[in-house]
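The values are calculated or read from the model by the stated rules, or taken from the named source; none is laboratory data. Only a predicted model underlies this, so the values are computations on that prediction, with no experimental measurement involved. Here Cβ is always computed from backbone atoms with ideal geometry, including for glycine, and neighbour counts include all displayed protein chains.
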Amino acid sequence: MSAADSGGKRMLGVLGAGTMGVGLAALAVGRGQRVVLVESDDGQRAAAPGRVRGQLRTAQLLGALPREQEPGELLVTADLDELGAIDPAAGAVVESVTERADLKGDVLAAASAAAKDGTLITTNTSAIPVGELAAAVTDPAWLVGTHFMNPPYLVEAVEVVRGPDTGEEAMTAVHALLASLGRRAVVVGDGPGFVSNRILMRMINDAARMVGEGRAEPAALDEVFTDCLGHRMGPLATADLIGLDNVVDTLVVLHERTGDDAYRPCGPLLTAVGDGRLGRKSGEGFHSYGGVRA
Ligand SMILES: NC(=O)c1ccc[n+]([C@@H]2O[C@H](COP(=O)([O-])OP(=O)(O)OC[C@H]3O[C@@H](n4cnc5c(N)ncnc54)[C@H](O)[C@@H]3O)[C@@H](O)[C@H]2O)c1
């Protein structure tokens, strides 16, 4: 695949085919874009095409993605060199691998070396400062934080993080990328957890701790937020949607960078992850979902 044979279509490289990578691929394919989905795990790679198709179908049924749009081509691969086919003027790379700084650093270094110069590279990190990850890429001016929410096809706004080294051209390119996906940016400053997770993660941690202390059952705790406070979801249902393993990883990132004990992952969260109760993706978390979700 090369820019020349891409028929003028936009191309998106997505790194990691987990909860978010699959969702991002479905969003882009559903907008007619060609997607190169890079995943290192054999099982995740094998499952990815079916999961992308499933999300695309759901999104179209809900009217969240255009039904009349011919889906873009999806290539699932372990080979980062495929990113070299992206035309910087009509494409970008979104990194969405596991929330570990060392791992993201390695993947971003390899991806930025494989992509053409001047290709926008974004990170979907939940909490690692963009300025910290910038040390890994070949040109920090082209790195931006794009914190998509789950599922990407349903949530229209994206928390965009401008790092200390991010250039003006990259900010223009990120707005073009999001517009091509039918999303819009809410731009915020850099720092652990940005805006969303600096606040949300301590709330989830506290909610899980309170369940452990027996103050409320998960259903009642969430109902206080939905039915009494009018929130769309309670913190425990939100944690289940994110994935409890990812919540723990994100709390660790925040705790290490702030030293604030409010972010130290609490016992009930660690127990759930240790038992394989990861939330919606495993079918069981603080709530039950009657089977594994895509
Ligand atoms: N889950 C959410 O709601 C959510 C929302 C916003 C942002 N995020 C962030 O998005 C990123 C991904 O989260 P997720 O929930 O999809 O996690 P996940 O665990 O579901 O998926 C991560 C994927 O990355 C793959 N991976 C690991 N190392 C890799 C490598 N070297 N090359 C290619 N693939 C590799 C894993 O095999 C896995 O499939 C994280 O940074 C997370 O913090 C998650």
Hits in segment 147-173 - residues which are of a type in the set (V, I, T), in contact (Cβ under 8 Å) with a residue 12 or more places away in the chain and more than 18 Å from Q55 (Cβ to Cβ)
V160, V161, T166
Being over 18 Å from the mean Cα position of the chain (by Cα) and either within 12 Å of the ligand (Cβ to nearest atom) or modelled with pLDDT under 95 (or both) is the filter here; which residues of segment 87-113 pass it?
A109, A110
Please find, within segment 247-290, the residue that is surrounded by the most Cβ atoms within 10 Å (Cβ to Cβ) out of those that are of a type in the set (V, I, T) and closer than 21 Å to G193 by Cβ.
V247
Among residues of segment 86-103, those that are closer than 23 Å to H175 by Cα and either buried (at least 21 other Cβ atoms within 10 Å of the Cβ) or touching a residue at least 12 places away in the same chain (Cβ under 8 Å) (or both), counted
11
Return the residue satisfying two criteria in turn: it lies in segment 61-85 and is farther than 23 Å from R45 by Cα and either among the aromatic types (F, W, Y) or surrounded by 12 or more Cβ atoms within 10 Å (Cβ to Cβ) (or both), and of such residues it is farthest from the chain's Cα centre (by Cα).
Q69
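Table: residues versus (1) in contact (Cβ under 8 Å) with a residue 40 or more places away in the chain; (2) β-branched (V, I, T).
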residue	(1), (2)
A176	no, no
V188	no, yes
F194	yes, no
R198	yes, no
R202	yes, no
D206	yes, no
R209	yes, no
G214	no, no
